[in-house]
Amino acid sequence: MAAAMGSPWLRIRLLPEVPPRLLRPHLRRTLSVRASASASASPDGAGGPVRVRFAPSPTGNLHVGGARTALFNYLFARSKGGKFVLRIEDTDLERSTKKSEEAVLSDLAWLGLDWDEGPDVGGEFGPYRQSERNSMYKQYAEKLMESGAVYQCFCSSEELEQMKETAKQMQLPPVYMGKWGTASDAEIQQELEKGTPYTYRFRVPKEGSLKINDLIRGEVSWNLDTLGDFVIMRSNGQPVYNFCVTVDDATMRISHVIRAEEHLPNTLRQALIYKALGFPMPSFAHVSLILAPDRSKLSKRHGATSVGQYKEMGYLPQAMVNYLALLGWGDGTENEFFTIDDLVEKFTINRVNKSGAVFDAVKLKWMNGQHLRSFPPDVLIKSFEDRWKDTGILQESESGFAKEAAELLKDGIDLITDADAALSNLLSYPLHATLSSDEAKSVVQDKLSEVASGLISAYDSGELCQALAEGRDGWQKWVKIFGKSLKRKGKSLFMPLRVLLTGKLHGPDMGGTVVLIHKAGTCGAVTQQSGFVNLDERFRILKEVEWESLVQEQESPAETAVPASR
């Protein structure tokens, strides 16, 4: 019997509940499910060609959750030598826009998730926009009408609301009570003659259960008596989401439906439609939601959530793909760094976790830095140089300044957009703010004025500049001699020098920093708007520091002013 009904996916025993009546007996059949259904499709795609789809709705930006779903579909298809299909679900005519569709396609392309079939590349199973497939939906709706799986429902909105209220009072699920499912042809004809609007409702078996073997979540089952007859076509002729999706997936020969867990409840309706149309059933895999740090559903209130936002913030597509893959999946090792080719090679659906994954923006930024620094040196340097020129910090120069700056700063830069602040910070000289900070107290009180005096003498004599002109080797020779003259070494030497020469307590390699500052003042690569303070200006500022007053201020505890009594 099961084989005769179409797909081996559903093993269902059918029993007539209502006898045929009058003119249109095919509309009178109601089915009762006496056995459960189970999935038999192979999870690894061995049962036939693997065809998966990503079907975004063009009503907004591509959310990181949607991007991860697209990625898992892409990786599954590529790892099995299958096809990755892009379908646009634009049946929400009021909210769907061409601009949103273009943005979604752009973001997917930026991530490197190239599709084999879709609205822009075509394919043998198109069209690939739901709004262009209405004639197909109507064709299959009529097929269901002819088979008796669907009937016309003339209930008004008020009647439907009353049914919900009645069910609530009886403590029953708010399901459709089946008023028009058993109506006579005369009653139906009367409403048609009056021009009463009607929907198409699917007849749901009143007994039994339906079970699937989800490739991620395991066995999932539903009791059919909790569903009620549901609408597949609205009174305005527009098809309902679950009907469109089923027809699309079936006619596009989708073998595996990998989607977000919020679609899991839709599977029951879709499975019944598959069965009624005689379509083979795909395997289902429902991916967990992406959660915010507070374990609520990730939303705009938690910050950036769309792929486009992260692109604008300077994130790399390689890092986004790597991080999204790790949200609920791993290869079983401690490795966290993957290229997209690595992911294709290692991805398996049975390693996708069914529990929610927390989106950690800090880790994403760290991972972006890892990918950034994995670039070939010449590519990384060019990326930084282009950025610095675009933002007006540097101008054209053959001095090699950008190369030296990139090599010095790269370890502290996780985003290309951070390169601006990193170089601007290096070029600045906030000496007074640093000296008056609490963190600088120990440095100031360790006879910083003596180091300043010696440093000023070395600069005025030309000794320091001569050493810096020789690069890092010249700096290292000079600083060794300078330290001996002050009987200082290690932290007691380099912390004071860092503060006095850079105006900061922290930063990249000291020697490289000072050599680069010297070069910035001589090579002509740095623009006036960069905020650069050259060595001449730094030493002018340094000479004006009143060390005695500074030390006294730091040694005296802050006094709280108390108003005098009157």
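Here is how the numbers come out for the structure above:
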item: Dimensions in Å of the chain - Rg and Dmax from alpha carbons; result: 34.9, 114
item: Percent carbon-and-sulfur accessible area, segment 130-287, ignoring ligands, DNA and RNA, probe 1.4 Å; result: 47 percent
item: Accessible area in the full protein assembly, largest first, 1.4 Å probe, for D386, D509; result: D509, D386
item: Rounded percent of accessible protein surface that carbon and sulfur make up, segment 427-555, 1.4 Å probe; result: 48 percent
item: Fully extended contour minus Cα-Cα distance, from Q162 to S461, at 0.36 nm per residue; result: 98.1 nm
item: Cα-based shape type of segment 427-555, given that a ≥ b ≥ c are square roots of the gyration tensor eigenvalues and the cut on a/c is 1.5; result: oblate
item: Solvent-accessible surface (1.4 angstrom probe) belonging to W366, in square angstrom, nearest 10; result: 110 Å²
item: Probe 1.4 Å, all protein chains present, accessible-area order of R259, R488, largest first; result: R488, R259
item: FRET efficiency for D116 and D92, using Cβ-Cβ distance with R0 set to 30 Å, rounded to 0.05; result: 0.70
item: Segment 296-443: C-alpha gyration tensor shape, a/c 1.5 cut-off, then a/b vs b/c; result: prolate
item: Exposed GluC sites (Glu not before Pro) absent - longest run of the chain, DSSP non-H/G/I/E/B, at most 11 other C-beta within 10 Å; result: 125-333
item: Rounded to 10°, Cα long-axis angle of helix 157-169 versus longest principal axis of the chain; result: 80 degrees
item: Proportion of all alpha-carbon pairs of segment 130-287 beyond 19 Å (%); result: 58 percent
item: Net charge of Cβ neighbours under 13 Å - reference Q162; Lys, Arg +1; Asp, Glu -1; result: -1
item: Full-stretch length increase - K382, T59 - with 0.36 nm per residue and alpha-carbon distance subtracted; result: 112.6 nm
item: Surrounding net charge for L435, when Lys and Arg each add one and Asp and Glu each subtract one, Cβ distance under 12 Å; result: -3
item: Cα gyration tensor category, rounded, prolate or oblate, for segment 118-161 with a/c compared to 1.5; result: oblate
item: Per-residue [θ]222 nm for the chain (sum of -39500 (n - 2.57) over DSSP H runs n ≥ 4, rounded to 500); result: -13000 deg cm²/dmol
item: Whole-number percent relative contact order across segment 427-555, with pairs defined as alpha carbons under 8 Å at least 6 apart; result: 39 percent
item: Degrees, to the nearest 10: 361-372 long Cα axis against longest axis of the chain; result: 70 degrees
item: Rounded to 5, percent antiparallel among DSSP beta bridges of the chain; result: 60 percent
item: Solvent-accessible heavy-atom area per residue, rounded to whole Å², over the chain at 1.4 Å; result: 49 Å²
item: In segment 402-443, trypsin sites (Lys or Arg not before Pro) in a DSSP loop with at most 13 other beta-carbon atoms within 10 Å; result: none
item: Contact order normalised by residue count of segment 130-287, Cα under 8 Å, 6+ apart, percent; result: 23 percent
item: With all protein chains modelled, accessible area of K143 [1.4 Å, Å²]; result: 90 Å²
item: Average Cα contact separation per residue, the chain, under 8 Å, 6 or more apart, as relative contact order %; result: 13 percent
item: Trypsin sites (Lys or Arg not before Pro) restricted to segment 295-388 and DSSP loop, no more than 15 other C-beta within 10 Å; result: R295, K354, R373
item: 12 Å beta-carbon shell around I413, net charge (K/R +1, D/E -1); result: -1
item: P(r) histogram, all alpha-carbon pairs of segment 334-402 included - 10 Å bins from 0, percent; result: 14, 32, 28, 16, 8, 2
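The values are calculated or read from the model by the stated rules, or taken from the named source; none is laboratory data. The shown structure was predicted, so the numbers you read here are calculated from the model rather than taken from an experiment. Methodologically, a virtual Cβ is constructed for each residue, glycine included, from the backbone with ideal geometry; neighbour enumeration extends over all protein chains shown. The protein model used for the area step is the full one, side chains on, heavy atoms only, and it has no ligands, DNA or RNA in it. Shrake-Rupley method; radii C 1.70, N 1.55, O 1.52, S 1.80 Å.
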